[in-house]
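Just so it is clear, none of the values below were taken in a lab; they were calculated from the coordinates. Remember, it's a predicted structure, so these values are computed and weren't measured experimentally. All Cβ positions, even for glycine, are placed from backbone atoms using ideal geometry, and neighbour counts span all protein chains on display.
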């Protein structure tokens, strides 16, 4: 690991919690016993949040960002609607976040995860693992090839279904920028019925989790494309920063 | 009318869900062969300077049940208080680790070296490890810190901000024996852990 970001160690812009889901939401039952009740302790970021792990492009294998073929290591293709998911990782200053790790995971085309605890009876796809990763380029761009995940039922209220979604995990350059979120698909009627998407009470913010169909980014006779940008916390930067009075 | 500010807003978080292991630690989830090994298997390499320690604990929900599906990440400096990437940092300390609650018992374990006190803008912070906790039902990852009961914590600028002094204890790992500490996290209840917004 090495430092590759000249903005490293500048203070993080305080997080606006109103941009995020509520932590306690009775419609999402598991949140009831897992949401802290007491106020968070707020103070200016410190080195512990301003620094973070830095990963090199050498971490990434050739098939890591291709979920259609990475589980079989190229021997066979996963079943499902072929899609390309692409976009940029940005910060609040509207700058691309370069060389940062993006990880994704998702259900297969039938809505089933390759996980011991997923008891849904839709079948596993022998050629689909469901994980992928890549690094952004110097402008913050990333892309994945995958199949469109299926919607699936989940135990919450008596008939709740998750809309089609892909989980995203993003690092940034400081541990305090760490973010996990989910990408939804334009036009999915389940989005507005789901209590997990419903934890984001600000409609404009929820809209930002819905990736539009991107025909210009697609390839004829091969795959459709969806575009999904993610904005991480930014850093304050002024010449008045970090200097004791009078110096 | 005024000029427009040009800031973007942060993308909203969503829960990591019960299957976070697939994406972050696939080998742990039983998905072998996609990556050579899981990311963040250890925060240290052989030869890292400092005292080897193991921190063990559980993440408890409001009913006292240990979460079986939580995933945690840790970030820390080396034994002298330098973070990876800083000049003089120990090259054997990456400082980053990923680990999960055991599916059967709900217990997690972190093997690392004890960090040193670190000098920051806000002063010298007592030795601590930052934790980030995600799971089903947690809509935005929770941040906290592990301090150590056998270190000098009285001048730490973050701990000093906690008004209810008995809550400081929720951030202090208890020494079980030499090199072994216990750090339980309580999401709710009488012993709710102090979670951070930094």
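Miscellaneous remarks
- Every condition in (1) touching a strand residue (DSSP E or B) at 6+ places or on another chain (Cβ under 8 Å); (2) part of a loop (DSSP other than H, G, I, E, B); (3) surrounded by 16 or more Cβ atoms within 10 Å (Cβ to Cβ) holds for residue B:86 except the one numbered (1).
- Condition met for residue A:70 (within 15 Å of residue A:230 (Cβ to Cβ), within 7 Å of chain B (Cβ to nearest Cβ) and part of a loop (DSSP other than H, G, I, E, B)): no
- In segment A:99-125, the residues that are within 11 Å of chain B (Cβ to nearest Cβ) and in contact (Cβ under 8 Å) with a residue 60 or more places away in the chain form Cβ pairs under 7 Å with partners that are crowded, with 16+ Cβ neighbours inside 10 Å and part of a loop (DSSP other than H, G, I, E, B), at six or more places apart or across chains, as follows: A:101/A:55; A:101/A:171; A:102/A:136; A:105/A:130; A:105/B:19; A:106/A:130; A:106/A:149.
- Criterion applied to A:215, A:221 was being over 12 Å from the mean Cα position of the chain (by Cα), surrounded by fewer than 18 Cβ atoms within 10 Å (Cβ to Cβ), free of Cβ contacts under 8 Å to residues at least 12 places away in the same chain and on the phi > 0 side of the Ramachandran plot, and the one residue passing it is A:221.
- Selection status of residue A:94, surrounded by fewer than 22 Cβ atoms within 10 Å (Cβ to Cβ) and more than 8 Å from chain B (Cβ to nearest Cβ): no
- Some residue of segment B:50-61 being on the phi < 0 side of the Ramachandran plot and within 7 Å of another protein chain (Cβ to nearest Cβ): yes
- Looking only at residues in segment A:17-35 that are surrounded by fewer than 19 Cβ atoms within 10 Å (Cβ to Cβ), assigned to a loop (DSSP other than H, G, I, E, B) and free of Cβ contacts under 8 Å to residues at least 40 places away in the same chain, the one that is farthest from the other protein chains (Cβ to nearest Cβ) is A:26.
- Within segment A:48-59, the only residue that satisfies the criterion of being touching a strand residue (DSSP E or B) at 6+ places or on another chain (Cβ under 6 Å), within 12 Å of residue A:135 (Cβ to Cβ) and part of a loop (DSSP other than H, G, I, E, B) is A:55.
- Listed here are the strands (runs of 3 or more DSSP E) enclosed by segment A:102-208 that have at least 2 residues being under 18 Å from the mean Cα position of the chain (by Cα): A:131-135, A:141-147, A:165-170, A:179-185.
- Boolean, residue A:63 is more than 7 Å from chain B (Cβ to nearest Cβ), assigned to a loop (DSSP other than H, G, I, E, B) and without any contact (Cβ under 8 Å) to a residue 60 or more places away in the chain: yes
- Within segment B:43-67, if we keep just the residues that are assigned to a loop (DSSP other than H, G, I, E, B) and surrounded by 17 or more Cβ atoms within 10 Å (Cβ to Cβ), the residue that is nearest to the chain's Cα centre (by Cα) turns out to be B:43.
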